[in-house]
1. Using alpha carbons only, how many angstrom separate the centre of region 46-88 from the centre of region 227-296?
2. When DSSP beta bridges are limited to those with both residues in the chain, what percentage is antiparallel, rounded to the nearest 5?
3. In terms of modelled amide H atoms, which long-range or inter-chain residues lie less than 5 Å from the amide H of S379?
4. First select every other residue whose beta carbon is under 11 angstrom from the beta carbon of T590; then total the charges, Lys and Arg +1, Asp and Glu -1.
5. For region 455-553, what class follows from the C-alpha gyration tensor (a ≥ b ≥ c being the square roots of its eigenvalues): rounded when a/c is under 1.5, otherwise prolate if a/b is larger than b/c, else oblate?
6. Show the residues, 5+ positions off or on another chain, whose built amide H is closer than 5 Å to the amide H of V435.
7. Please compute the net charge surrounding Y553, taking Lys and Arg as +1 and Asp and Glu as -1 over other residues with Cβ under 14 Å from its Cβ.
8. Is it possible to state the helix-based mean residue ellipticity at 222 nm for the chain, with each DSSP H run of 4+ residues giving -39500 (n - 2.57), the sum divided by total residues, to the nearest 500 deg cm²/dmol? What is it?
Amino acid sequence: MRWWALAFVATLLLGTTASAAVWYVDKDNTSSVEDGTSWATAFSTIQPAIDAAFDDGGGEVWVAEGVYDEARTSLVHDPEVDTGSLLMKEDVAIYGGFSGSEDSRDQRDWDIHETVIDGSTSRSGEPAYHVVVSARESVLDGFVVEGGDANDRIVDAGGGLWAEVALFTCRNCLFRQNYADSGGAACCSSDSDVTFVDCQFESNSADAGGAIAGTRVTVNSCVFEGNSATSGGAIRCRGYSSLIDRCVFLNNEAQNGGAISAFGGHAMVLACVFHGNRVLEEAGTEGFGGAAAVAYADMTLKNCVFAANSSDGDGGAVGATGTYLSEGPAWTTSVHLTSCTFYGNTAANAGGALRLDEVEYDVRNCIFWGDTPDEIVVSGNGTGSVTYSLVEGGHTGEGNLSEPPLFVDEANGDFHLRTASPAIDTGTDEDVPDVDLDGVARPQGDGFDMGAYEYDGPPAFILTVAIEGQGEVDPAPGEHTYAENDLVTLEATAADGWQFDHWEGAIAGSANPTNIRIAADATVTAVFTEIPIFTLTVAVAGQGDVEPPPGQYSHAQDDVVTLEATPADGWLFDHWEGALTGSTNPVGLTITADATVTAVFIEIPTFILTISVQGQGDVDPAPGEHTYTENDVVTIEATAADGWLFDHWEGALTGSFNPVDFTITEDAAVTAVFERICPLPYGCAGAAGMLNAAPRASASADVLCLALMPLALILFAYRRRITPVCRYHRS
């Protein structure tokens, strides 16, 4: 998210000079020498090194990684109390984050080589009242400070750090899980002047100021997350003047001022982001100021973003209350807001963004949008104005607008302005910061912009992607920000039972995927239509099987169904009827509507083939009646008996081919005709004639033929010829 990426100002190089003496600390030093003059002879605890540097007139202490949880005896306060603290000394800077071999301070890395000052058991086995106690013109840099608990009736402030002297600087430190009645991580007294730079404060807690409680404190480029208190979940400012610059406040909570509370004095809050902080109702009391609460104090906020903060009472983001005075300053509380952005903050009662009760106020160049139940609520005798601001629902005041601000991507916390935002160049130049939250110089165009960000980029547009029907689109449905002339590819994927049909809006047609060139805000909708479901009815006429079997089936449009018919014995597949015609088998049917398909089978005709024999011989098939189906081809073969010869066919067959194929087309009779074989010249009957023998019955002729056979042989020899077949006529 762009709003996370704050360009924090690095305020470094405070403290001692590079030529100062260095004293070394390494808890893992196992040598028998601990004089602190080198890594090899380093002190194993921190306090002796601080004392040695102080006795030497000041210098630096370099501390190697590790957890330093040794017992400490330290007398602090008046009357003196043993606080179990690490005591810093004047003009001594201590640095953590070393591996234990560096010869230059810029070689260290406090993130990798975590160096912990742990106070959880340092006070005779009990938690330290203060883990660290500051000293004038001293520096604490690159440490984790944890385990402090200032819960004594005398010592009840600054669980992690107690600072009551001027010119103390804390850099690159992490304060976590410290507790106190006041200033869970750090308490800065009225006599102090303390600066925190690039520090983190996590999960600290207190009654006042979960992380920091102070009067003169400067906090620069720090992150506060998950801290809690009754008042001021992260910071409680009281009296004098405090500066909070370029910090991030995340998910802190309190009963008043979820992130910051200011009671008395003046607090200047510049270029900060407040997200997810909240005020919780406690014991029937209603708090105020989900992010910041102001009471009897003066608070100035510039270039800040307030998003998704909440209050169980009033003022989802900022709540302020005060009193009118008849003498002296008219008001005890004043609030000045310039170039701030409010979005998505909520209050249980009133003032989703801003609740002002009996205060003096001045609001200019701000954006209030998407806060509930309302944006700005002013009550009591407060006086002030809201001018040159964009307020959802409108607000009385010079130069105010009510149109949507057109953020780049508010859903993901990006509150930069889009090209067409009405907030561009419509602000006032009165008391406007020189730069915006990103450090961009103001103004960039013809005038100053409203909100925390000055528009300085190329034209950017919103592509809104939507869906009609059921399916998915890449990019996903929602708003997406693109630069002018970006080419975006959109691809639609239908859900089961649905089909992509076409695009609507800035794109037409059904090409998928497709492209759009960004030239303005645009909306594209992917339209999906439900795939029609049709009923296919399969039936059979005659006898046979079909695949799929007879019945009803549901199919989506354009499904292709393959049908195949298999006839039963004695039947023949003939054709399809209904949605299919012809006799192609198998065949494919494309489903486009309800359809019925019938497989038509016809019975194959059967005929009788009667086979008989004349003379002596066999026939295959055997003589008798045989049943065949139409167009069957039957091979008939005649085999003559001994002394006989197949001569010809009669009936449905003619000729003398043997064997012969016969195609069945109707009832038919076929006779195989066999003739006797005779060796006499002219045949047996001819020989009998020659002997003047009258023809007789067949039996007599046979006997005569046999009797005359010797004579026939003589005649054959004489005539040199023979007639092989005995032909005669039965009478």
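The values are calculated or read from the model by the stated rules, or taken from the named source; none is laboratory data. All of these numbers come straight from a predicted model, not from anything done at the bench. Note: ideal-geometry Cβ built from the backbone for every residue, glycine included; neighbour counts use all protein chains shown. Only protein heavy atoms, including side chains, enter the accessible area calculation; ligands, DNA and RNA are left aside. Shrake-Rupley method; radii C 1.70, N 1.55, O 1.52, S 1.80 Å.
1. 32
2. So the antiparallel bridges amount to about 30 percent of the total.
3. Amide H neighbours of S379, under 5 Å, 5+ apart: L356, D357, E358.
4. -2
5. Because a/c hits 1.5 or more and a/b exceeds b/c, region 455-553 counts as prolate.
6. Under 5 Å from the amide H of V435 lie the amide H atoms of R442, each far enough along the sequence or on another chain.
7. Cβ neighbours under 14 Å give a net charge of -3.
8. When only DSSP H runs of four or more count, the value is -1500 deg cm²/dmol.
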